[in-house]
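Engineer: Got a structure for you, written out below as structure tokens; questions coming shortly.
The values are calculated or read from the model by the stated rules, or taken from the named source; none is laboratory data. Keep in mind that what you see is a predicted model, and the values were worked out from it rather than measured. All Cβ positions, even for glycine, are placed from backbone atoms using ideal geometry, and neighbour counts span all protein chains on display.
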């Protein structure tokens, strides 16, 4: 399964945001990576550079690669509604993202691993494709034999109840429901989707 496997702290420092989760390296060095550190003078970024950075941030945040992201953008532009918001809604509907949002896994990368190792079911059937697109009403659950996994138990202990209004969670059954696609103001990620739309529209 294709995904980014490089240094995460370096990427987080590039965007100056903990896009992969809490990062001590980012806290210590809250400036872009490079041998010149904070002393390097950085010129004004071009409009294209700013738009490209925003696209890269979205890709790294959700753990997707270029071809998939571009295909999802075209799917979003063909759908009725605002293209940028549609794009984020489709990204939020990915199975690995929902497993992360439900609190079953502490990060999206660990959620992706749980899915690929067949620990997660959708509507009662095992699904091992992280990019699987959920539909409103789909039920996501932890397999019976996987409920005692340490990573799942630890993650659920720190879970905040009813954190996202578009998801429903049953702690006793370890099941969740994807109620509907979230509205843009419900998605907490700091992504300026309009810049991504402008980039692809050139």
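Engineer: What about residue 131, is it touching a residue at least 24 places away in the same chain (Cβ under 8 Å) and under 14 Å from residue 97 (Cα atoms)?
Structural biologist: yes
Engineer: Which of the residues that make up the stretch 83-109 are more than 12 Å from the chain's Cα centre (by Cα) and free of Cβ contacts under 8 Å to residues at least 24 places away in the same chain?
Structural biologist: 86
Residues are listed down the side, and each one gets a yes or a no for (1) at pLDDT 95 or above; (2) under 20 Å from residue 107 (Cβ atoms):
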{"position": "123", "(1), (2)": "yes, no"}
{"position": "129", "(1), (2)": "yes, yes"}
{"position": "136", "(1), (2)": "yes, no"}
{"position": "139", "(1), (2)": "yes, no"}
{"position": "152", "(1), (2)": "yes, yes"}
{"position": "165", "(1), (2)": "no, no"}
{"position": "179", "(1), (2)": "yes, no"}
